[in-house]
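Read-outs: derived from the displayed coordinates by stated rules, not from any lab. Treat the numbers as computed from the prediction; the structure is a model and nothing was measured. In this analysis, Cβ positions are derived from the backbone assuming ideal geometry, glycine residues included, and neighbour counts consider all displayed protein chains.
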Amino acid sequence: MTVRRVADVTVGEKLGPKTIPVRRDTLRAYAAASGDDNPIHQNEDFARQVGLPDVIAHGMWTMGATGTLVTEWAGDPGRIVAYGTRFTNMVVVPRTGSEIVVAGEVTDMDPGAGTATVAVTATAGGRDVLGRCTAVVRLG
Amino acid sequence: MSTPRMAAMAVNPDFVGRTYPPSGPYVVDADAIAAFAAAVGATDPVHTDAKAARAAGYPDVIAPPTMAVTIEQRCSRAYVGDPEAGIDYSRVVHGEQRFTHHRPITAGDHITGTTTVDGIRQAGAHAMVDVRTELVDAEGKAVCTAVSTIVIRGGE
């Protein structure tokens with residue numbers, strides 16, 4: 001992929017929106033790959049027993065999947081120098097699956113450091129699932 | 001009888017500033033990176049193809065930015081599982097996560113992590129704890145600073 005360069009970026013530039021499907025097998029794969037095998041992310045009976053509406057996605061799956069919006073824009077995942085978020089709502093994943101919609105906007109540029117700050121939103125069912133989500137990208 | 005306030009107060013405030021001994025090393029392998037990338041939908045070939053990674057300037061395939069959490073959580077278990085810390089893990093919710101990447105985590109890395117409890121505060125019935133883990137490579141050079149805010153819910 002081509003690395004995004006400082007000269008190609010302006011404050012206010014939009015990223016996305018991008019729709020990312022999430023199914024039960026997505027969560028099984030994330031559990032296996034991350035080592036987070038909490039049953040609330042896989043077993044709907046267990047999830048309901050602890051008061052959840054259904055299986056919910058790992059917050060870190062949501063953060064990771066949302067991050068692809070920025071890494072694809074940057075053109076090199078190794079150029080994400082900072083990435084942070086709050087987890088504000090859960091992503092409920094019924095047996096039929098669900099999706100998140102992610103979008104971003106360049107809110108700041110530091111020409112000296114050659115970095116851009118991207119503010120990111122992620123929603124599921126119309127509700128924000130990430131809060132104050134930002135990434136800093138080292139541009140080419 | 002346990003009230004919400006009492007449940008949250010069980011988190012031991014004396015742990016602020018405590019640093020645990022280094023944990024690891026954890027060896028990062030290419031298959032684990034590929035599996036993690038697939039699970040979050042990260043399709044850039046730098047995660048799966050060593051040739052593509054070298055073309056981008058890396059010695060081998062690199063991890064997606066959030067994969068650092070898998071090592072961070074193994075390191076911070078020393079704190080979260082410390083009986084003296086007073087954390088009821090069944091009440092823990094992930095409130096916030098931040099990464100500062102000094103360089104990408106790369107296949108072949110031997111990563112060691114040192115966990116420090118940066119802050120403990122009450123927010124209503126809940127306790128919120130900032131847990132920072134500094135990840136370094138085999139030469140002791142900084143790779144990633146990972147900070148999790150965990151929320152220990154009060155109440156029944």
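Taking the numbered list (1) farther than 22 Å from residue B:150 by Cβ; (2) surrounded by fewer than 22 Cβ atoms within 10 Å (Cβ to Cβ); (3) among the small types (Gly, Ala, Ser) in turn, residue A:82 passes all entries but (1). Could you check, for the stretch B:138-147, whether at least one of its residues is facing chain A (nearest Cβ under 10 Å) and among the β-branched types (Val, Ile, Thr)? Yes, because at least one residue in the stretch B:138-147 is facing chain A (nearest Cβ under 10 Å) and among the β-branched types (Val, Ile, Thr). As for the stretch A:64-87, it holds at least one residue that is out of contact with any Cys (no Cβ under 8 Å at 6 or more places or on another chain) and farther than 21 Å from residue B:47 by Cβ.
Just to be sure, is residue A:29 surrounded by 13 or more Cβ atoms within 10 Å (Cβ to Cβ) and within 9 Å of chain B (Cβ to nearest Cβ)? First the steps, then the outcome.
Numbers: surrounded by 13 or more Cβ atoms within 10 Å (Cβ to Cβ): yes; within 9 Å of chain B (Cβ to nearest Cβ): yes.
Spelling it out, residue A:29 is indeed surrounded by 13 or more Cβ atoms within 10 Å (Cβ to Cβ) and within 9 Å of chain B (Cβ to nearest Cβ).
Condition first: in contact with an Asp or Glu (Cβ under 9 Å, 6 or more places away or on another chain), within 12 Å of chain B (Cβ to nearest Cβ) and part of a strand (DSSP E or B). Can you find one or more residues in the stretch A:87-107 that meet it? Yes, there is a match, as at least one residue in the stretch A:87-107 is in contact with an Asp or Glu (Cβ under 9 Å, 6 or more places away or on another chain), within 12 Å of chain B (Cβ to nearest Cβ) and part of a strand (DSSP E or B).
Closer than 17 Å to residue A:131 by Cα and facing chain B (nearest Cβ under 10 Å), is that true of residue A:83? Here the answer is yes, as residue A:83 does meet what is asked.
Out of A:61, A:73, one residue alone is aromatic (Phe, Trp, Tyr), more than 11 Å from chain B (Cβ to nearest Cβ), outside any loop (DSSP other than H, G, I, E, B) and surrounded by 18 or more Cβ atoms within 10 Å (Cβ to Cβ). It is A:73.
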